[in-house]
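*Asks:* Supplied in structure tokens, the structure appears directly below.
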Amino acid sequence: MQDVQLLDAIERFLHGEMSPEEIASFEQLRKSNPEVDEKVVEHTMFLQQMDQFSDWKSFKGTLNDVHNQLLESGVITEAAPKATVIQLWRKYKRVMAVAASIAGITTLLIASMATYYTQKKTASDLQRLRGEYKSEITKKANEVITKVQERITKAPENTPVRFGGTGFLIDGKGYIATDEHVVNGATSVVVQNSKGQEFRTRIIYTNKETDLAILKIEDDDFRSVGPLPYGIRKSGTDLGEPLFILGFPREEIVYNEGYMSAKTGYNGDTLSFQLGVSANPGNSGGPVFNKNGEVVGVITARQTKAVGVVFAVSSKNIFRSLEDVKKDTSFQNIRLTLNSSIKNLDRVQQIKRIEEGVFMVKCY
Amino acid sequence: MKTDSTDEKALLKGLALNDRKSVETIYKLYYNMVQTLIINNNGSADDARDIFQETVIVLYEKAKSGSFELTAQLKTYVYSVSRRLWLKKLQQQQKYLPNVLGLDETVPVDDDIESHGQRNSEFQTMEKALLHLGEPCKSLIEAFYLQKRSMTEIAGHFGYTNADNAKNQKYKCLMRLRKIFFAEFKNNDV
């Protein structure tokens, strides 16, 4: 209660509502009691503060009033902020620049790492098994065959075979699978079966990545061979599985035996696998069979510094390639054989049946 | 619209007295300039309004203190204050500080802004304290100290039997307000 009285006294004192006697006694009180004096000073300051606050508030009120009134009367107009996107752009320009550069650097880094770790397929220690023919040899060989059989050559006139490999039918209607590097750079491709008959072909698909190419025989002399005796395996092969290959490292079809030695190819390439077999230039593009007579891969290369290390693209890539090929509606009728019909035959009989489907690929 | 220095002095005088006409004139003269400044530098129309009003309050405080001597054109001063205030606000919001700001001529206003900021925080403390006070104390204090109404009027309005009763109540409220205010104030100071 004392405080209230004191406050009242102070306010009356400040507002000059006191009588002279009262002022005198109040001054006396202040002098005699420093505590009261302090309170007076403090409260005076507080009241000043209140006064200023009051002014400030009322001025703010005026400002708001004026603002709204001028806005209504159209003297001032509220400009719309710039479009949000632009504003965002302006706001985050720096952040975005930093983010973009980080993204850029990361991309470059990943790209360079990818390039660094990507196996160089044409590394010097890897040899493509494409046969390079010297013209005299070809001629000589041809002579032999010509004697045996009356053979009509389909080769462009006066051009020697430049290079070649092996290919095999994946569909009896005349679709042949081989390696991309076998036909790469060829102006015309002719295939020759084990009986020495030649057929003209057209390259309908190549893929550098998997090193696969698909040729179509476009020759009037070709008769569809019907269902193929061998199948093409969609799933993988197990380590140690006995395998055999057929190919044309020379003018004659050559048989060889081996085994699956690693699940990945050169430098860990997962598209291909490694097999232990002896293969020579000309074997490229040749089929790799398992004991059931199913195609499990296509020979691509051998390692030069190692013996019996040969690589083949796994056969499931043929299926993938075919999906691409079938995008062209004219090739929709290609059907791959899945089941081998020579499963339980002995090897000699198997080869006799398979032979028909294996071709020598000659590029001019 | 150009104003010569005598006009400007009259304008400031009017401003100090919370004269509506003067406020209007200031608005008409400078609002668009400030708005353009804010909008061009990541601000919205609301930001422009806040900044402009704060600028005018700085002017008002300066004019009221009586020590205000314009060394430059009023326009330059207004521009400088707004610019400084906006930069401060941007900094507080940790927004990107645009470097396009400040191509125009400015005068140093840092001291003014600083004292304004101090006063502003005091007022905000007061506002907060009042809000904490609760009813009916808040209305009572506002009616007496802010709207400066007489005690008898207040007594009638708030339903007290007589002015003395109202007065007693008012003092009780005031004491509480002081307590809250000083507590807040110390908090802010630390």
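The values are calculated or read from the model by the stated rules, or taken from the named source; none is laboratory data. Because the structure is predicted, anything quoted here is derived from the model rather than measured. Here the Cβ is made from the backbone with ideal geometry for all residues, glycine too, and neighbour counts use every protein chain on show.
*Asks:* Test of understanding: among B:Arg49, B:Arg20, which residue is within 25 Å of A:Arg90 (Cβ to Cβ) and within 7 Å of another protein chain (Cβ to nearest Cβ)? Spell out the reasoning first.
*Replies:* Working: B:Arg20 fails: within 25 Å of A:Arg90 (Cβ to Cβ).
None of the others qualify; the one that does is B:Arg49.
*Asks:* Next question, about the same structure. Write out, first by first residue and then by second, each pair whose Cβ atoms fall under 6 Å of each other, whose residues are 6+ apart or on separate chains, and whose first residue, in region A:10-24, is assigned by TED's automatic domain parsing to the domain that holds A:Gln48 while the second is exposed (fewer than 11 other Cβ atoms within 10 Å of the Cβ) and in a helix (DSSP H, G or I).
*Replies:* Sorted first by the residue in region A:10-24, then by its partner, the list stays empty.
*Asks:* Next question, about the same structure. Here is a list: A:Ala306, A:Ala301. Which entry is buried (at least 24 other Cβ atoms within 10 Å of the Cβ) and modelled with pLDDT under 90? Before you say what the answer is, go through the steps one by one.
*Replies:* Values: A:Ala306 fails: buried (at least 24 other Cβ atoms within 10 Å of the Cβ).
The match here is A:Ala301.
*Asks:* Restrict the check to region B:147-155 and report whether at least one residue is more than 12 Å from chain A (Cβ to nearest Cβ), in contact with a Leu (Cβ under 8 Å, 6 or more places away or on another chain), buried (at least 16 other Cβ atoms within 10 Å of the Cβ) and part of a helix (DSSP H, G or I).
*Replies:* Looking through region B:147-155, at least one residue is more than 12 Å from chain A (Cβ to nearest Cβ), in contact with a Leu (Cβ under 8 Å, 6 or more places away or on another chain), buried (at least 16 other Cβ atoms within 10 Å of the Cβ) and part of a helix (DSSP H, G or I).
*Asks:* Would you pick out the residues in region A:319-358 that are polar (S, T, N, Q), part of a helix (DSSP H, G or I) and more than 19 Å from A:Gly297 (Cβ to Cβ)?
*Replies:* Initial filter on region A:319-358 (polar (S, T, N, Q)): A:321, A:329-330, A:332-333, A:337, A:339-341, A:344, A:349-350.
Imposing the further condition that a residue be part of a helix (DSSP H, G or I) reduces the set to A:321, A:329-330, A:349-350.
Correct list: A:Thr329, A:Ser330, A:Gln349.
*Asks:* May I pose another question? Within region A:231-318, considering only strands (runs of 3 or more DSSP E) that don't extend past its boundaries, which have at least 3 residues that are touching a Lys or Arg at 6+ places or on another chain (Cβ under 7 Å) and not aromatic (Phe, Trp, Tyr)? Spell out the reasoning first.
*Replies:* On the way: elements: A:242-247, A:254-262, A:272-276, A:287-290, A:294-303, A:309-314.
So the answer is A:294-303.
*Asks:* Is it true that some residue in region A:219-239 is surrounded by 17 or more Cβ atoms within 10 Å (Cβ to Cβ) and of a type in the set (S, T, N, Q)?
*Replies:* Yes, region A:219-239 has at least one match.
*Asks:* When the residues of region B:109-126 are filtered to those that are more than 23 Å from B:Leu74 (Cβ to Cβ) and crowded, with 20+ Cβ neighbours inside 10 Å, which remaining residue is farthest from the other protein chains (Cβ to nearest Cβ)?
*Replies:* Taking region B:109-126 as the starting set, the residues that turn out to be more than 23 Å from B:Leu74 (Cβ to Cβ) are B:118, B:121-126.
Next, from what is left, pick out any that are crowded, with 20+ Cβ neighbours inside 10 Å: B:125-126.
On the way: B:Thr125: 10, B:Met126: 5 Å.
Only one residue fits best here, namely B:Thr125.
*Asks:* Can we say B:Ile26 is at the interface with another protein chain (Cβ under 10 Å from one of its Cβ atoms) and over 16 Å from the mean Cα position of the chain (by Cα)?
*Replies:* Details: at the interface with another protein chain (Cβ under 10 Å from one of its Cβ atoms): yes; over 16 Å from the mean Cα position of the chain (by Cα): no.
It is false that B:Ile26 is at the interface with another protein chain (Cβ under 10 Å from one of its Cβ atoms) and over 16 Å from the mean Cα position of the chain (by Cα).
*Asks:* If you don't mind, there's one more thing I want to ask. For region A:252-286, which residues satisfy the criterion of being buried (at least 22 other Cβ atoms within 10 Å of the Cβ), at negative phi and among the small types (Gly, Ala, Ser)?
*Replies:* Scanning region A:252-286 gives A:Gly265, A:Ser272, A:Ala279, A:Ser284, A:Gly286.
*Asks:* Would you tally the residues in region A:177-230 being more than 27 Å from the chain's Cα centre (by Cα), basic (Lys, Arg) and in a loop (DSSP other than H, G, I, E, B)?
*Replies:* If we filter region A:177-230 for residues that are more than 27 Å from the chain's Cα centre (by Cα), which is where we start, we get A:186-202, A:216-230.
Filter once more, keeping what is basic (Lys, Arg): A:195, A:200, A:202, A:216, A:223.
Add one more test, that the residue is in a loop (DSSP other than H, G, I, E, B), and what stays is A:195, A:223.
Counting residues in region A:177-230 that are more than 27 Å from the chain's Cα centre (by Cα), basic (Lys, Arg) and in a loop (DSSP other than H, G, I, E, B) gives 2.
*Asks:* Next question. What are the residues in region A:336-349 that are touching a residue at least 60 places away in the same chain (Cβ under 8 Å) and either small (Gly, Ala, Ser) or surrounded by 14 or more Cβ atoms within 10 Å (Cβ to Cβ) (or both), if any?
*Replies:* Taking region A:336-349 as the starting set, the residues that turn out to be touching a residue at least 60 places away in the same chain (Cβ under 8 Å) are A:336-342, A:347.
A:Leu336, A:Thr337, A:Ser340, A:Ser341, A:Ile342, A:Arg347, listed by residue number.
*Asks:* Right, something else. Here are the criteria: (1) in a helix (DSSP H, G or I); (2) away from chain A (no Cβ under 14 Å); (3) over 23 Å from the mean Cα position of the chain (by Cα). Tell me which single one B:Glu135 does not satisfy.
*Replies:* Result: B:Glu135 fails condition (1) only.
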